[in-house]
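Q: Below is one structure. I have some questions about it.
The values are calculated or read from the model by the stated rules, or taken from the named source; none is laboratory data. On a predicted model such as this, the values are computed, not experimentally measured, just so you know. Ideal geometry is used to build each Cβ from the backbone, glycine not excepted, and the neighbour counts take in all protein chains shown.
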Amino acid sequence: MHRLINTIGNKKGLSLIETLVAASLGSIAILGSFSLLMGVEGTMTENCEAVQAQQEARNIVERIAREIRESGPDKIQLYSYPQGGGDAEAILFHTPRDADGRFVMDNSGKPDWQREIAYELDKNSNYLYRSQCYLLSDEGSPYQSEVVSKNMERLNFVQDNDMLLISIRTFADTSNGTGHTTRAYADFHTMVKLRN
């Protein structure tokens, strides 16, 4: 028993240098873990923003395609700014839908082109505008305009006979909390067959 007590009494504690080294190593491990966690969080945020930009691009293209699909090749006008410079950046087309969204036929059984719709990108603000004019409307204002997207970088249309290619690029900005902003882009393209 005397030996057990003597062994316990001879045991030394940690020196100041050992304590400082252990604290430094622990701090480095904690800072490394925190940096790794922040990097993972930043990557997840960027991925979420990229998915959001892709979903917005898909929704916009599907909306434009759904409205254009009922139009004919001779009912579409493409515009580029400045005039004649490359692919078209705006589109104007007629659709046989009335103000209530009903398909309208004239007395001879042909579509009655009730509405004129335009999509145009304002490159200064990155806003995509959709404007419509009800040509045969007697009620209220025949002209309406709305902002479809506030995060649009590019909008292009290319027509080849009865086929129309729609290409867009949307973006989403992310901030990592340190004042640094990154931009996630999403490109989306689709071909639309126009009615004859």
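Q: Among (1) modelled with pLDDT under 90; (2) in contact with a His (Cβ under 9 Å, 6 or more places away or on another chain), there is one condition Ile166 misses while meeting the rest; what is its number?
A: (1)
Q: The conditions are (1) modelled with pLDDT under 85; (2) surrounded by 16 or more Cβ atoms within 10 Å (Cβ to Cβ); (3) among the charged types (D, E, K, R), and Glu120 fails exactly one of them. Which is it?
A: The number of the failed condition is (1).
Q: Here's a follow-up. Can you tell me which residue in the stretch 93-110 is surrounded by the fewest Cβ atoms within 10 Å (Cβ to Cβ), limited to those that are out of contact with any helix residue (DSSP H, G or I) (no Cβ under 9 Å at 6 or more places or on another chain) and assigned to a strand (DSSP E or B)?
A: Out of the qualifying residues, it is Met105.
Q: Step by step: first the residues of the stretch 33-89, then only those that are surrounded by fewer than 13 Cβ atoms within 10 Å (Cβ to Cβ) and assigned to a loop (DSSP other than H, G, I, E, B), then the one that is modelled with the lowest pLDDT. Which residue is that?
A: Gly84
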